[in-house]
Amino acid sequence: MPSGIDPSAFATGPMEPPAPEERGFKDTAKVNPGYFTTLRMKFDLPAGVRAPQSYVRHCHILEHEDNDMMRPFVVTR
């Protein structure tokens, strides 16, 4: 992975494609326990806004929000 931890040491099974209802353009992703999820995103910054810009991805499970599972990411281009 270009900007993160390589999960291959923790993966125990083959890659699986997303379920049909999880495919396509969306702003949420279902992540089951014990699974890795790969996201591909494209960001178009508004006119007049220059990179880099910081944003936050987060989980909607309250206990995760309370335990720092809201992680930052940076849009660089």
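Side notes on the structure shown:
- Matching residues, the range 13-37, being open to solvent by less than 90 Å² (accessible area, probe 1.4 Å) and either on the phi < 0 side of the Ramachandran plot or modelled with pLDDT of 85 or more (or both): Gly13, Pro18, Ala19, Glu22, Gly24, Lys26, Thr28, Ala29, Val31, Asn32, Thr37
- Members of the range 44-67 found to be assigned to a loop (DSSP other than H, G, I, E, B), at pLDDT below 80 and either over 20 Å from Ala29 (Cβ atoms) or open to solvent by less than 100 Å² (accessible area, probe 1.4 Å) (or both), listed by number: His58, Cys59, Ile61
- Some residue of the range 15-26 being of a type in the set (Gly, Ala, Ser) and in a strand (DSSP E or B): no
The values are calculated or read from the model by the stated rules, or taken from the named source; none is laboratory data. Small disclaimer: the values here were computed from a predicted structure and weren't measured. In this analysis, Cβ positions are derived from the backbone assuming ideal geometry, glycine residues included, and neighbour counts consider all displayed protein chains. Ligands, DNA and RNA are stripped out before the accessible areas are found, and what is left, the full protein with its side chains, is counted by its heavy atoms. Shrake-Rupley method; radii C 1.70, N 1.55, O 1.52, S 1.80 Å.
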